[in-house]
1. I need every pair where a residue in region 2-15 that is without any contact (Cβ under 8 Å) to a residue 24 or more places away in the chain has its Cβ under 8 Å from the Cβ of a residue that is part of a strand (DSSP E or B), sequence separation at least 6 or different chains.
2. Does region 37-82 hold any residues that are modelled with pLDDT under 90 and basic (Lys, Arg), and which are they?
3. Quick check on region 41-98: of everything there that is surrounded by 11 or more Cβ atoms within 10 Å (Cβ to Cβ) and hydroxyl-bearing (Ser, Thr, Tyr), which residue is nearest to the chain's Cα centre (by Cα)?
4. Test Gly81 against the stated conditions and say whether it is touching a residue at least 12 places away in the same chain (Cβ under 8 Å), in a loop (DSSP other than H, G, I, E, B) and more than 24 Å from Pro96 (Cβ to Cβ).
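The values are calculated or read from the model by the stated rules, or taken from the named source; none is laboratory data. What you see is a predicted model, and the numbers here were worked out from it, not measured in a lab. Glycine also receives a Cβ, built like all others from the backbone with ideal geometry; neighbour counts cover every protein chain displayed.
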Amino acid sequence: MPHEGKLLISTDDGSWKTKRIKNTPRVTIQKCGALGKVKGEPVEAIARNLPKSETKRVFDMVTRRYWWHAWWWIPQAIIRGGVEKVHAAIEVEPLPGG
């Protein structure tokens, strides 16, 4: 979700995204619709895995913005052991001039 000029992402801890960012933080992002239809130009950016202390904050922000999906991901996170245990947060910032 967009926040202060950056993109915040909540994902599974240990996902391919988090592993890849540890190795190569440079990413390309592109605005799209809910079904993946492209709505903008690609943008070069730098991604970083946020500390575990930020996971719940990002999860809550994403939940507030996309509340209509919360019926699925909140119980799923609780059943799997809690947000902090099974999720991770990623911050993506466009490169200057990107």
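1. Listed by first residue and then by second, the contacts come to Pro2/Leu8.
2. Lys56, Arg64, Arg65, Arg80
3. Within region 41-98, the match that is nearest to the chain's Cα centre (by Cα) is Thr55.
4. no
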